[in-house]
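Please treat every number below as a calculation from the coordinates, not as lab data. Just so it is clear, the model here is predicted, and its values are computed rather than measured. As a convention, Cβ positions derive from the backbone with ideal geometry for all residues, glycine included, and neighbour counts pool all protein chains shown.
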C-alpha cells in the first residue's frame, strides 16, 4: 500500500508469513477458513489492530478490553481467556521471529454456520480466531507530509442501527466512505454523525486545533480508539486544553491545525481538508513527540 493512512513499503517477508487460525500456524498462501465461516458470510465478529514494538504489543490491555467489550455487545463467546489470547498472540509473533515494526490483526468471528443464515443459533462451532502479523511500518514521511482529507456523503449510523462504537467485522459503512473520499480526491474521508457534526474518519480518528485548544468528537458515533484516548490523556497530562465536543465541518475549515490518529501510524497531520490547506502546526508536532515517547515507555522493560 502506498497511499493513505497506511502508507508503507512492501516487505517481501510477508509473502510467506505464518498466520494463526484457531492456534494452528499456516504459511500465508495456505491460511484458509471455510466459506461457511460467519465472518466471511456475514461480517459477524470483532477485531483489533495492534503494533509490536521492541518485542512488546503496545497497549495490549486496552485492545483486549475493547475486543471483549465488543464481543459481549454482540453476544459472541470468544471461547478464550485474556491470558489465552495473549499467549496466542505472542506464540504467533515468536514463530515468525518478529520483534519490531510489526502490525497485527486479531479477528474473532462467530465461527462456522450450519447454513448461510444470520441467526446466531445457526452456528455450528466455536468462534474462529485468526491472527495475521505483518512486517509493516508507517512511511516516516507521512508524519510530516500529512493526508488529504475530504468530507464524505456517507455518515456514521446511529447507535441503534449498526453501533459505530463497536469494532465489528462488517466495515461496509467505512468502506463506502473510503470509496467516496477517493472519488473526491481524498486519502481519507471525514464522516459526519446523524446530526451533522464531525464524528470520525473512515479508518482513523479526527482532531482539530483551534486557538490552542484540541478538539475531537464526543465519541458517541465512533470507535473508542486506543490512540485517540492516549492523545486525549496526553493533552490532560501536559496542560493542553482538550475537549470531546460537537463541532461542524465549518469549524474544521477555520481551524489552525488538523490531524488524525490510529494504531498503525500514530498521529498524522492533515495537509488539506476539502479545499482548505493545512500545515503541520506546533501542537500537532508536540503531540507526535509525546505520543512517540509514550509508546517507547509502554514497550520498555521498566
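A compact table of results
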read-out	value
Helix axis angle, 282-298 relative to the chain longest principal axis, alpha carbon, degrees	30 degrees
Euclidean distance between Cα centres, the range 232-279 to the range 12-49, Å	34 Å
Projected area, mean over directions - the range 4-135, Cα convex hull, nm²	8.3 nm²
Residue of 75, 255, 265 that the Gaussian network model of the chain assigns the largest fluctuation, springs spanning Cα pairs under 10 Å	75
Rel. contact order, % - alpha carbon contacts under 8 angstrom, at least six apart, the chain	19 percent
Using alpha carbons only: equivalent-ellipsoid semi-axes of the range 1-45, gyration tensor based, whole Å	24, 18, 8
Viscosity 1.567 mPa s, 4 °C: Kirkwood-radius Stokes-Einstein D of the range 70-216 over Cα pairs, µm²/s	71 µm²/s
Calculated FRET value between residue 105 and residue 218, using beta carbons and R₀ = 45 Å, to 0.05	0.95
Footprinting exposure proxy for 201, 299, 222 (fewest neighbouring C-beta atoms within 10 Å first)	299, 222, 201
Per-residue [θ]222 nm for the chain (sum of -39500 (n - 2.57) over DSSP H runs n ≥ 4, rounded to 500)	-8000 deg cm²/dmol
Label zone at residue 74 (point 7 Å along Cα-to-Cβ), backbone N below 14 Å, the range 157-171	161-171
Potential extension, residue 114-residue 82 segment - 0.36 nm per residue separation minus Cα distance	8.7 nm
For the range 142-298: span of alpha carbons on each principal axis (Å, largest first)	37, 32, 25
